[in-house]
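As structure tokens, the structure follows; a few thoughts come after it.
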Amino acid sequence: MNQEEVRKKIKELTEQINQHNYYYYVISNPVISDYDFDMLLQELIRLEQANPELILPESPTQRVGGEINKKFKQEKHISPMLSLGNTYSEEEVQDFDTRVKKTIGQDVEYVCELKFDGVAIVLRYINGLLEKAITRGDGFRGDDVTTNVKTIRSIPLKLYGDYPASLEARGEIFMPREGFEKLNKEREKTGDTPFANPRNATSGSLKMLDSSSVAKRPLDCFLYTILGSDLPYGNHYDTMKKAKQWGLKISNFIAKCNTINEVFDFIGYWDKERNQLPFDIDGVVIKVNSFAHQELLGHTAKSPRWAIAYKFKAERVETELLSIDYQVGRTGSITPVANLNPILLAGTMVKRASLHNADILKKLDVRIGDNVFVEKGGEIIPKIVSVNMQKRQESSSPVHFITHCPECHTLLTRKEGEANHYCPNEMDCPPQIKGKLEHFISRKAMNIESLGEGKIEMLFDNDLVHDVADFYDMTYDKLYGLEKIFDGSNEKKDKKISFKEKTVTNILTGIEASKEVPFARVLYALGIRHVGETVARKLAYHYKNIDNLMKADLYELILVDEIGEKIAESIISFFGLEKNRIIIERLKESDVKMKAGKEDIVPISDRLLNKAIVISGGFPGYSRNELKKLIEQHGGRNVGSVSSKIDFILAGENMGPTKLKRAKELGIKTINIDEFSDLIKD
Ligand code: IVH
């Protein structure tokens, strides 16, 4: 292919993939298989890598993320982001209708929409390209979160069709429930505090400084307002339908209503059916359809007079508190859990509710035998909101939080300022041991799939593993013939499984293969509290090997990007335990990677993404290796010789004359160290 053909092919693939993204993420109606999609994407990546100058701004590869934002830049909103007047009562909706009709007359058309429970966002499109994404902030200025928002697949990087030259789409970024639950499960595994609800998870995700971490969060976005001076229709409803044709994700659940009773029908329907949606809504928004009418009605300092939000009341039921269990997590945190007389709430049978911690337990003053009110609000897990005191039995007595671990009977501890009690017996408390082992083999850690599905439990019950280093002492003879009889009530009931040749070989092969897992993932696999994947990558990159990390003191650790006091303290206390140091030694002896390799390099930004750079001459104060590292950290590549394929030369003192001549012939730019520093600085 010549250059022109490559350009055409890249354009064609970009358009094709974006179209498929639209089918998949925006209208949830994919037309090709995942495999075929991946093939297209791979071809595009290959062509782009060979021809980085031909990458289009709307290319799907530009979503991936990798840019680290030191801090978000502030951006002024074109028009202030107002909020909506809220109501919980139908009467007030009726009053709203009366007010509107006073100004407009009787002939008013409304549009009803879902009120998405997420984080408001502004998307600016110029000539169809996504230029900026800004959070609400204080309504006048928000954070520029463009790099993070670009990772959300349902947000088009380029619009289709007859879009106006400039438009602003406002909407809500949210996290669908399924993705939220998965994310929280992972956080529990890493010892990170789970998010209380999808909205918090969304806002936490958008605030992350590393867009490659945002890319992993299952975020989605509905747009609900289109602004611009050149819109094709004079009303909201038609504009939204048109915006859908431009590729913007607009909810299908939007209705035109000619009477306030139709509005109430919409509200009533979604109050009942909202649990069927895969995401959270907290109400319905009612808007006057005509833009001319909207203008006539105007707005107060805070909110438009042409719209109102009807908020749903949280569903609440009453049931009996039967008992309280205390669960021990992988990191030893103790969670009190209420066992309830089963009751139907928001479409699901609720049997248990988290009581979170000792403070909440005390504040609620729940007692065994109490009748409690259980609510499902924004939070996914039902919560006990209060006790029906009228039904309290005189004989009841306050609950005292346990003092000892329910599993290993060790005295519990509670750090000042922390809400949770912990079982400090990290090494010998069974759920903590099993949790650590399970985390170690999990996909994002050492990825020893052959040890999944209850096998860890078998090894543990048979005294074969106590800590993660024991995996590497496993032999054929130790494993062959191990048996477990399932006597539970699940589908494996009365089933006996025993390790035969194939299972044992698979396990041993999986363990052997895990020795190739990069150092950053090994660090993550160790299960140090608060050390998730990203932090582990930063540590691996910064310290290069486990010995350096083990030697680091608190002060030094805090200086590392993204490592705060909490994480630093946790690392120090982990390596402070002799048992952990012995495990590390044993892992080292088993050839598990304890040194950073090439794969552990973490990009700091993509300012030099795909740039091929030659270094030539001397640079007082910088070694060649340092410069090379800087180039790599910002996504570039250091190459040895000058050719037409390179992007520029970093020229120092006394640059070689042959190189200089060749560069001039080829018209390649040379830049000095100051210009280079400017290029990579924020
Ligand atoms: S219209 C003038 N429509 O609700 C504000 N807002 O205070 C016009 N929201 O955080 C907003 N779903 O982000 C509108 N269908 C919808 C919405 C919606 C959710 C959010 C909005 C803001 C809050 C309103």
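Taking the range 83-100 as the range and being within 16 Å of the ligand (Cβ to nearest atom) and either modelled with pLDDT under 90 or surrounded by 15 or more Cβ atoms within 10 Å (Cβ to Cβ) (or both) as the test, the residues that pass are S83, L84, G85, N86, T87, Y88, V93, F96, V100. Going through (1) closer than 20 Å to E512 by Cβ; (2) of a type outside the set (S, T, N, Q); (3) at pLDDT 90 or above one by one, C423 falls short only on (1).
Figure legend. Inter-residue proximity from the range 109-124: first residues free of Cβ contacts under 8 Å to residues at least 60 places away in the same chain, second residues among the basic types (K, R) and within 8 Å of the ligand (Cβ to nearest atom), beta-carbon distance below 6 Å, spacing 6+ or different chains. Indicated pairs: A120/R136; V122/R170. Restricting attention to the range 287-306 and to residues that are within 12 Å of the ligand (Cβ to nearest atom) and hydroxyl-bearing (S, T, Y), the residue that is farthest from K102 (Cα to Cα) turns out to be S303.
Residue pairs whose Cβ atoms lie under 7 Å apart, separated by 6 or more positions or on different chains, with the first residue in the range 279-291 and farther than 15 Å from L84 by Cα and without any contact (Cβ under 8 Å) to a residue 24 or more places away in the chain and the second near the ligand (Cβ under 10 Å from one of its atoms) and among the aromatic types (F, W, Y), do not occur.
Conditions tested, residue by residue: (1) over 30 Å from A525 (Cβ atoms); (2) touching an Asp or Glu at 6+ places or on another chain (Cβ under 6 Å); (3) buried (at least 16 other Cβ atoms within 10 Å of the Cβ).
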{"residue": "M594", "(1), (2), (3)": "no, no, yes"}
{"residue": "E599", "(1), (2), (3)": "no, no, no"}
{"residue": "D606", "(1), (2), (3)": "no, yes, yes"}
{"residue": "A612", "(1), (2), (3)": "yes, yes, yes"}
{"residue": "E626", "(1), (2), (3)": "yes, no, no"}
{"residue": "Q633", "(1), (2), (3)": "no, no, yes"}
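For the range 239-261, the tally of residues that are surrounded by fewer than 14 Cβ atoms within 10 Å (Cβ to Cβ) and more than 17 Å from Q19 (Cβ to Cβ) stands at 5.
If you take the residues in the range 386-409 that are under 15 Å from K362 (Cβ atoms) and not in a loop (DSSP other than H, G, I, E, B), which one is nearest to the chain's Cα centre (by Cα)? Among those residues, the one meeting the criterion is S386.
Run down I126, I134, I121, I104 and say which single residue is surrounded by fewer than 24 Cβ atoms within 10 Å (Cβ to Cβ), among the β-branched types (V, I, T) and closer than 18 Å to P156 by Cα. Quick ask: steps written out before the conclusion?
Working: I134 fails: surrounded by fewer than 24 Cβ atoms within 10 Å (Cβ to Cβ); I121 fails: surrounded by fewer than 24 Cβ atoms within 10 Å (Cβ to Cβ); I104 fails: closer than 18 Å to P156 by Cα.
It is I126.
Looking for something in a loop (DSSP other than H, G, I, E, B), surrounded by 17 or more Cβ atoms within 10 Å (Cβ to Cβ), at pLDDT 80 or above and more than 32 Å from the chain's Cα centre (by Cα) - is there at least one such residue anywhere in the range 656-667?
Applying the first criterion (in a loop (DSSP other than H, G, I, E, B)) to the range 656-667 yields 656, 667.
Within this subset, residues satisfying the condition of being surrounded by 17 or more Cβ atoms within 10 Å (Cβ to Cβ) are none.
Checking the range 656-667: not a single residue is in a loop (DSSP other than H, G, I, E, B), surrounded by 17 or more Cβ atoms within 10 Å (Cβ to Cβ), at pLDDT 80 or above and more than 32 Å from the chain's Cα centre (by Cα).
Keeping to the range 57-79, report how many residues are within 16 Å of the ligand (Cβ to nearest atom) and modelled with pLDDT under 90.
The total comes to 0.
Quick check: is even one residue across the range 613-630 assigned to a loop (DSSP other than H, G, I, E, B), modelled with pLDDT of 80 or more and within 28 Å of the chain's Cα centre (by Cα)? No, the conditions are met nowhere in the range 613-630.
Regarding the range 203-223, can at least one residue be identified that is in contact with a Phe, Trp or Tyr (Cβ under 8 Å, 6 or more places away or on another chain), small (G, A, S) and in contact (Cβ under 8 Å) with a residue 40 or more places away in the chain? Checked the range 203-223: no residue is in contact with a Phe, Trp or Tyr (Cβ under 8 Å, 6 or more places away or on another chain), small (G, A, S) and in contact (Cβ under 8 Å) with a residue 40 or more places away in the chain.
Name the pairs: first residue in the range 164-179 and under 20 Å from I126 (Cα atoms), second residue more than 15 Å from the ligand (Cβ to nearest atom) and small (G, A, S), Cβ to Cβ under 7 Å, at least 6 apart or on different chains? Cβ pairs passing all conditions: P164/G228; S166/G228; L167/G228; E168/G228.
Of all the residues that make up the range 600-612, how many are modelled with pLDDT under 85 and over 21 Å from R63 (Cα atoms)? Don't jump to the end; show me each part of the working.
Residues of the range 600-612 modelled with pLDDT under 85: 600-607, 609-610.
From what's left, over 21 Å from R63 (Cα atoms): 600.
Result for the range 600-612: 1.
The residue pairs whose first member lies in the range 306-325 and is basic (K, R), whose second member is at pLDDT below 95 and within 11 Å of the ligand (Cβ to nearest atom), and whose beta carbons are closer than 9 Å, counting only pairs six or more residues apart or on different chains, are K311/N86; K311/D282; K311/G283. Pairs are defined by a Cβ separation below 6 Å, a sequence spacing of at least 6 or placement on different chains, a first member in the range 458-487 that is over 18 Å from V592 (Cα atoms), and a second member that is of a type in the set (S, T, N, Q); the pairs so defined are L482/N462; E483/S498. Can you tell me which residue is nearest to the ligand (Cβ to nearest atom) among those in the range 236-286 that are among the aliphatic types (A, V, I, L, M) and in contact with a Lys or Arg (Cβ under 8 Å, 6 or more places away or on another chain)? Looking at the filtered set, the residue picked out is V285. Checking each residue in the range 359-409 for being among the charged types (D, E, K, R) and touching a helix residue (DSSP H, G or I) at 6+ places or on another chain (Cβ under 8 Å) picks out D370, E407. Helices (runs of 4 or more DSSP H) fully within the range 112-227 that include at least 1 residues being at pLDDT 90 or above, within 13 Å of the ligand (Cβ to nearest atom) and of a type outside the set (K, R): 198-206.
Only one of (1) over 22 Å from F266 (Cα atoms); (2) more than 10 Å from the ligand (Cβ to nearest atom); (3) in contact with a strand residue (DSSP E or B) (Cβ under 9 Å, 6 or more places away or on another chain) is not met by G105, so which one is it? The number of the failed condition is (3).
For every residue, the table says whether it meets (1) assigned to a helix (DSSP H, G or I); (2) of a type in the set (G, A, S); (3) within 21 Å of K256 (Cβ to Cβ).
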{"residue": "S83", "(1), (2), (3)": "no, yes, no"}
{"residue": "E91", "(1), (2), (3)": "yes, no, no"}
{"residue": "F96", "(1), (2), (3)": "yes, no, yes"}
{"residue": "Q106", "(1), (2), (3)": "no, no, yes"}
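Selection of first residues in the range 77-90 that are within 17 Å of L114 (Cα to Cα) and of second residues that are within 12 Å of the ligand (Cβ to nearest atom) and assigned to a loop (DSSP other than H, G, I, E, B), restricted to Cβ pairs under 7 Å at least 6 apart or on distinct chains, gives the following pairs, ordered by first then second residue: S83/K302; S83/S303; L84/S303; G85/S303. The set of residues from the range 79-112 being among the polar types (S, T, N, Q) and over 38 Å from the mean Cα position of the chain (by Cα) comprises Q94, T98, T103, Q106.
The values are calculated or read from the model by the stated rules, or taken from the named source; none is laboratory data. Everything numeric here is computed off the predicted structure, so don't read it as measured data. Counting neighbours? That spans all protein chains shown, and the Cβs are built from the backbone with ideal geometry, glycine included.
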